[in-house]
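The values are calculated or read from the model by the stated rules, or taken from the named source; none is laboratory data. Fair warning: this is a prediction, and the values are worked out from it, not measured in the lab. Positions of Cβ are backbone-derived with ideal geometry, glycine not excepted, and every protein chain shown enters the neighbour counts. In case anyone asks, the SASA skips ligands and DNA or RNA and just uses the protein heavy atoms, side chains included. Shrake-Rupley method; radii C 1.70, N 1.55, O 1.52, S 1.80 Å.
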Amino acid sequence: MNLSGEALACLTAKDETGEAGKSLIVISDDLALPFGTIRLRARGSAGGHNGLNSIIGALGTGEFTRLRIGIQPEHPVSDAKKFVLNEFASSERRALKEILERSADAVRSVLRDGIAKAMSLYN
């Protein structure tokens with residue numbers, strides 16, 4: 001996941017307009033957001049997320065839509081790498097279906113209504 005930009009670079013290499021990012025929606029986990037929180041953004045920085053950093057590097061811009069899904073637990077995390085590779089706690093697994101359904105609804109809203117309207121509905 002930290003090298004997501006490499007795969008994306010292959011997909012966008014044939015884009016002669018340089019506008020490939022404008023039709024892209026990146027969905028990522030976010031350790032800085034409380035578990036289950038979702039955030040839509042039309043553009044931005046990587047915010048410390050290695051996968052987003054890789055994508056920004058491959059595209060040469062942060063001008064792409066992203067949906068971040070919070071995975072931050074209620075307890076402190078001492079080893080972020082180990083934490084994100086572990087399975088969800090049983091209480092979190094029970095909530096995942098609803099979180100993923102809400103996330104899918106947010107993406108559908110971006111596609112149907114545009115990012116500004118979707119942000120007003122889901123952020």
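Brief remarks on what is shown
- Annotation: L96 fulfils all but one of (1) without any contact (Cβ under 8 Å) to a residue 12 or more places away in the chain; (2) open to solvent by 70 Å² or more (accessible area, probe 1.4 Å); the unmet one is (2).
- Filter result (free of Cβ contacts under 8 Å to residues at least 24 places away in the same chain and among the charged types (D, E, K, R)) within segment 68-89: D79, K81, K82, E87
- Screening I25, I38 for residues that are open to solvent by 20 Å² or more (accessible area, probe 1.4 Å), of a type in the set (V, I, T) and within 30 Å of A95 (Cα to Cα) leaves exactly one candidate, I25.
- Checklist (1) open to solvent by less than 80 Å² (accessible area, probe 1.4 Å); (2) closer than 25 Å to T65 by Cβ applied to E101, failing item: (1)
- Subset of segment 35-50 [touching a residue at least 40 places away in the same chain (Cβ under 8 Å) and touching a strand residue (DSSP E or B) at 6+ places or on another chain (Cβ under 7 Å)]: F35, G36, I38, R39, L40, R41, A42
- Evaluated against (1) assigned to a helix (DSSP H, G or I); (2) surrounded by 11 or more Cβ atoms within 10 Å (Cβ to Cβ); (3) of a type in the set (D, E), E63 falls short on exactly one condition, (1).
For (1) closer than 16 Å to V26 by Cβ; (2) hydroxyl-bearing (S, T, Y); (3) more than 17 Å from the chain's Cα centre (by Cα); (4) not in a helix (DSSP H, G or I), each residue gets a yes or a no:
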residue: K82; (1), (2), (3), (4): no, no, yes, no
residue: F88; (1), (2), (3), (4): no, no, yes, yes
residue: S91; (1), (2), (3), (4): no, yes, yes, no
residue: L96; (1), (2), (3), (4): no, no, no, no
residue: R102; (1), (2), (3), (4): no, no, no, no
residue: D105; (1), (2), (3), (4): no, no, no, no
residue: L111; (1), (2), (3), (4): yes, no, no, no
residue: A118; (1), (2), (3), (4): yes, no, no, no
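- Complete set of residues in segment 104-113 that are among the hydrophobic types (A, V, I, L, M, F, W, C) and surrounded by 13 or more Cβ atoms within 10 Å (Cβ to Cβ): A106, V107, V110
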